[in-house]
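> Got a structure here, written out as structure tokens. Questions coming.
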Amino acid sequence: AQTVTQSQPEMSVQEAETVTLSCTYDTSESNYYLFWYKQPPSRQMILVIRQEAYKQQNATENRFSVNFQKAAKSFSLKISDSQLGDTAMYFCAFMNTGTASKLTFGTGTRLQVTL
Amino acid sequence: GAVVSQHPSWVICKSGTSVKIECRSLDFQATTMFWYRQFPKQSLMLMATSNEGSKATYEQGVEKDKFLINHASLTLSTLTVTSAHPEDSSFYICSAKAGTGGVWGYTFGSGTRLTVV
């Protein structure tokens, strides 16, 4: 079974600064997908970014980018120019393409953006 | 974009009664939907995978007789918590895979907060 580990329960960053959230995973598969989801206080899950394991290029979505290290099974999220609206729980998630498309979530990192 | 509508957003019920939660895909067909449970300040735990026209697949440890899932159409899946007890109080979220080919993602409902008193 796949596991996803987020070792930072809480993090804080000042507005306009950059923060990196860590995620590691364990799998024996070679092809899979990785995701970062954001859950603000409203508790609505919002997709932040997605990475296909077969792509070497790191995914980028505006202020959000990932550092995907396949050999190390690491998938960190960098948030640049942090905004107050980025305050939320962030979940790293894994999906094995060979199974029934199930998402396995990490335990989450609570990010607080301060003035 | 793809939208998943989940109702109700919150519900309070008496112990021993049943509660039904609906999850609808509004602008796409969802052959598969997923039901999660989330305790306060914790992650999402997959309960079951709901497949249109067939029986749901439950994760280990989830009581299928207690958490009844029905996926009768391509746009509607329901989760019924039967004979609810206070320990069933939680936040329940549904999700569906939307899109095809290289452009797709998982869309989540807004969740249902269930309180059993």
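> Name the residue that is farthest from the other protein chains (Cβ to nearest Cβ), counting only residues in region B:10-47 that are in a loop (DSSP other than H, G, I, E, B) and in contact (Cβ under 8 Å) with a residue 60 or more places away in the chain.
B:Gly16
> Considering only region A:40-47, I want to know if a residue exists there that is within 13 Å of the chain's Cα centre (by Cα), surrounded by fewer than 19 Cβ atoms within 10 Å (Cβ to Cβ) and modelled with pLDDT under 95.
Checking region A:40-47: at least one residue is within 13 Å of the chain's Cα centre (by Cα), surrounded by fewer than 19 Cβ atoms within 10 Å (Cβ to Cβ) and modelled with pLDDT under 95.
> Right, another one. Please find, within region A:48-61, the residue that is surrounded by the most Cβ atoms within 10 Å (Cβ to Cβ) out of those that are assigned to a loop (DSSP other than H, G, I, E, B) and either in contact (Cβ under 8 Å) with a residue 24 or more places away in the chain or over 13 Å from the mean Cα position of the chain (by Cα) (or both).
Step by step, filter region A:48-61, then rank; the result is A:Ala53.
> Within the bounds of region B:62-70, is there any residue that is at pLDDT 90 or above and over 24 Å from B:Val116 (Cα atoms)?
Scanning region B:62-70, I find no residue that is at pLDDT 90 or above and over 24 Å from B:Val116 (Cα atoms), so the answer is no.
> Residue check, B:Ser50 against (1) more than 19 Å from A:Met95 (Cβ to Cβ); (2) more than 9 Å from chain A (Cβ to nearest Cβ), all met but one. Which one?
B:Ser50 satisfies every listed condition except (1).
> Here's something else I'd like to know. Among (1) within 14 Å of chain B (Cβ to nearest Cβ); (2) more than 11 Å from the chain's Cα centre (by Cα); (3) buried (at least 17 other Cβ atoms within 10 Å of the Cβ); (4) not hydrophobic (A, V, I, L, M, F, W, C), where does A:Asp86 come up short?
Here A:Asp86 clears every test but (1).
The values are calculated or read from the model by the stated rules, or taken from the named source; none is laboratory data. Quick caveat: nothing in here was measured; it's all calculated off a predicted structure. Cβ sites come from the backbone with ideal geometry, for glycine too, and all protein chains shown count toward neighbours.
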